[in-house]
Amino acid sequence: MGIAERVIVKSINTPKQNMATKVKPLADRVLVEAAAAEETTKGGIIIPDTAKEKPQRGKVIAIGTGRVADDGKVTPLSVKVGDEILYGKYSGTELNLEGKDYMIMRESDIYAVLN
């Protein structure tokens, strides 16, 4: 097998990269995969799409390098990839990448990390 054939085989067998991992937040920003909105109430009533509440929890997918202080020092973020978090109802900016809903927000918009 020649060099050109090996390169082609390698590119065909490389797994497809997830779109969210291609997005790298800057500074103190965090990329969050929003949790799905509730479909039914506790009593079993189905909630229509127009009445669904915006989710306030999600999973951290990617983080920035940290917040840069006035003296130039970088303070690392306290959240890490994989954390389940709670954030404000109107926090961040909504993104839709390849059919999935994401939010990009500052770390200060995060209220808590769920255990």
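Consider the stretch 75-93 and keep the residues that are over 10 Å from Gln56 (Cβ atoms) and polar (S, T, N, Q). The one that is farthest from the chain's Cα centre (by Cα) is Thr75.
Residues in the stretch 55-71 that are assigned to a loop (DSSP other than H, G, I, E, B) and surrounded by 12 or more Cβ atoms within 10 Å (Cβ to Cβ): 5 in all.
Please specify each residue of the stretch 28-47 satisfying the condition of being of a type in the set (A, V, I, L, M, F, W, C) and either closer than 25 Å to Met105 by Cα or buried (at least 19 other Cβ atoms within 10 Å of the Cβ) (or both). Answer for the stretch 28-47, where residues must be of a type in the set (A, V, I, L, M, F, W, C) and either closer than 25 Å to Met105 by Cα or buried (at least 19 other Cβ atoms within 10 Å of the Cβ) (or both): Val30, Leu31, Val32, Ala34, Ala35, Ala36, Ala37.
Of the residues making up the stretch 96-115, those that are free of Cβ contacts under 8 Å to residues at least 60 places away in the same chain, surrounded by 13 or more Cβ atoms within 10 Å (Cβ to Cβ) and aliphatic (A, V, I, L, M) number 1. The combined condition, being closer than 26 Å to Thr40 by Cα, in contact (Cβ under 8 Å) with a residue 40 or more places away in the chain and in contact with a strand residue (DSSP E or B) (Cβ under 8 Å, 6 or more places away or on another chain), is fulfilled by Tyr87.
Contact annotation: residue pairs with Cβ atoms under 9 Å, 6 or more positions apart or on different chains, pairing a residue in the stretch 34-59 that is under 15 Å from Leu95 (Cα atoms) with a partner that is surrounded by 13 or more Cβ atoms within 10 Å (Cβ to Cβ) and at pLDDT below 75, are Ala34/Pro55; Ala35/Pro55; Ala36/Pro55; Lys54/Ala37; Pro55/Ala37.
Collect the residues in the stretch 82-94 that are surrounded by 12 or more Cβ atoms within 10 Å (Cβ to Cβ) and either part of a loop (DSSP other than H, G, I, E, B) or in contact with a helix residue (DSSP H, G or I) (Cβ under 9 Å, 6 or more places away or on another chain) (or both), keeping them in residue-number order. Those that are surrounded by 12 or more Cβ atoms within 10 Å (Cβ to Cβ) and either part of a loop (DSSP other than H, G, I, E, B) or in contact with a helix residue (DSSP H, G or I) (Cβ under 9 Å, 6 or more places away or on another chain) (or both): Asp83, Tyr87, Gly88, Ser91, Gly92. Scanning the stretch 100-114 for residues that are aliphatic (A, V, I, L, M) and closer than 15 Å to Asp83 by Cβ yields Met103, Met105, Ile110, Ala112, Val113, Leu114.
The values are calculated or read from the model by the stated rules, or taken from the named source; none is laboratory data. Since we're looking at a predicted model, the values are computed, not measured. So basically every Cβ, Gly included, is an ideal-geometry build from the backbone, and we count neighbours across all protein chains shown.
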